[in-house]
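**Student:** Structure below; questions to follow.
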Amino acid sequence: MLCNRSFPIPPINKVTTVITQHNVHNHKRLDILRLFQSHQTRTMEAEANTNSSHMRAVGLDFLTKKAYTPPSWASHINPIPSHIFSLGHLPTPIHKWNLPNLPTNTEVWLKRDDLSGMQLSGNKVRKLEFLMADAVAKGADCIITIGGIQSNHCRATAVAAKYLNLDCYLILRTSKVRVDQDPGLTGNLLVERLVGAHVELISKEEYAKFGSGALTNILKERLLKEGRRPYVIPVGGSNSLGTWGYIEAIREIEEQLQRGTDKVKFDDIVVACGSGGTISGLGLGSWLSSLKAKVRAFSVCDDPDYFYDYAQSLLDGLEAGVDSRDIVNIQNWQSCLWNVERHG
């Protein structure tokens, strides 16, 4: 969400597209032998060396891998990704949100990343464009990632892996009473299972005890012993490489503003924060570019200090030379909602 005046606003839920079709598989625990046999219908990776910006504008480069050139204002960041896979339907539109009772001289605009695709919709696609390119470059034959039982990131990763002829292993966090039950076919689980993802359930207690990194490493080691070549993507696709997805999004916004007939200047970019990668990319991109909008994030889990520290680790991984607290403002969404309810 983009706005041209600063004011607090509660986070908005991300849009998820659900396919209503039934297909039933079993699930398994992390410590049980594989029960899934993934579907073998595959798509072939395409290579393109033509004008990528023109092709993307007309949609001809979908599912192609191409060399990546960063924005000029980000050319000093290190390391720079070598390639990108076109997984999203980009650019996504920006339009004014006609809300009632806004403060004087305030406008709110929406950046519609919910329209970045169908099964792949949402902010995860931009990160996956870089992460999947890296996985393919490193010769991976399967992808591992982790998240909650209805993780949008896990759904997007499963679909992206299917597009690129890679098996996908999802470690999904759920309640202890449900960990030995079939997780069902609701919401994102339906899409994941339709594309043949291998679903492994862990309890919230196990997740808290071992952490996401240790759990994905356990699965990685098991797959390596089976002769597989796994590539691990962290929670939310949030690492330094994934951060490039939203550095690139800032370039997209810049270009849209330059082409637009309305002379709009955004003062603030407002987003929800669940893993830290999106705010790191937006904050760094806006700070380096001509946009110079303040990124304001509302944490939906953990606390602001955790996200400031995590964002700093991603920025340090890019040798950005900037303090996370200088480029993004993070608030706990519950405290914001409390203030709205208490003070109107």
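The values are calculated or read from the model by the stated rules, or taken from the named source; none is laboratory data. Keep in mind that what you see is a predicted model, and the values were worked out from it rather than measured. Counting neighbours? That spans all protein chains shown, and the Cβs are built from the backbone with ideal geometry, glycine included.
**Student:** For the structure I just gave you, tell me whether residue 258 is at pLDDT 95 or above and in a helix (DSSP H, G or I).
**Tutor:** no
**Student:** So, residue 175, is that one out of contact with any Pro (no Cβ under 7 Å at 6 or more places or on another chain), within 22 Å of residue 272 (Cα to Cα) and of a type in the set (Gly, Ala, Ser) or not?
**Tutor:** No: the conditions fail for residue 175.
**Student:** Can you pull out the residues in the stretch 161-186 that are closer than 21 Å to residue 143 by Cα and not in a strand (DSSP E or B)?
**Tutor:** Listed by number, the residues that qualify are 161, 162, 163, 164, 165, 166, 183.
**Student:** Something else now. Would you mention how many residues in the stretch 136-161 are of a type in the set (Lys, Arg) and within 10 Å of residue 124 (Cβ to Cβ)?
**Tutor:** Total meeting the criteria: 1.
**Student:** Something else about it: If I ask for residues that are among the β-branched types (Val, Ile, Thr) and within 15 Å of the chain's Cα centre (by Cα), which ones from the stretch 272-299 would you list?
**Tutor:** 278, 279, listed by residue number.
**Student:** Does any residue of the stretch 185-198 turn out to be surrounded by fewer than 18 Cβ atoms within 10 Å (Cβ to Cβ) and closer than 23 Å to residue 130 by Cβ?
**Tutor:** No, the stretch 185-198 contains no residue that is surrounded by fewer than 18 Cβ atoms within 10 Å (Cβ to Cβ) and closer than 23 Å to residue 130 by Cβ.
**Student:** For residue 233, indicate whether it is touching a strand residue (DSSP E or B) at 6+ places or on another chain (Cβ under 9 Å), surrounded by 19 or more Cβ atoms within 10 Å (Cβ to Cβ) and at pLDDT 95 or above.
**Tutor:** Criteria met by residue 233.
**Student:** Picking from 280, 286, which residue would you name as being part of a helix (DSSP H, G or I), in contact with a Lys or Arg (Cβ under 8 Å, 6 or more places away or on another chain) and among the polar types (S, T, N, Q)?
**Tutor:** After applying the criteria, what remains is 286.
**Student:** Between residues in the stretch 117-139 that are at positive phi and residues that are of a type in the set (S, T, N, Q) and surrounded by fewer than 24 Cβ atoms within 10 Å (Cβ to Cβ), which pairs lie under 6 Å by C-beta distance while being six or more apart or on different chains?
**Tutor:** The qualifying pairs are 122/152.
**Student:** Could you tell me which residue of the stretch 68-95 is modelled with the lowest pLDDT, considering only residues that are outside any loop (DSSP other than H, G, I, E, B) and surrounded by fewer than 13 Cβ atoms within 10 Å (Cβ to Cβ)?
**Tutor:** 95
**Student:** Report yes if residue 295 is outside any loop (DSSP other than H, G, I, E, B), under 16 Å from residue 236 (Cα atoms) and either without any contact (Cβ under 8 Å) to a residue 24 or more places away in the chain or among the β-branched types (Val, Ile, Thr) (or both), otherwise no.
**Tutor:** So residue 295 fails the test.
**Student:** Restricting attention to the stretch 294-327, report how many residues are in contact with a Phe, Trp or Tyr (Cβ under 8 Å, 6 or more places away or on another chain) and either modelled with pLDDT under 95 or surrounded by 13 or more Cβ atoms within 10 Å (Cβ to Cβ) (or both).
**Tutor:** Qualifying residue count for the region: 8.
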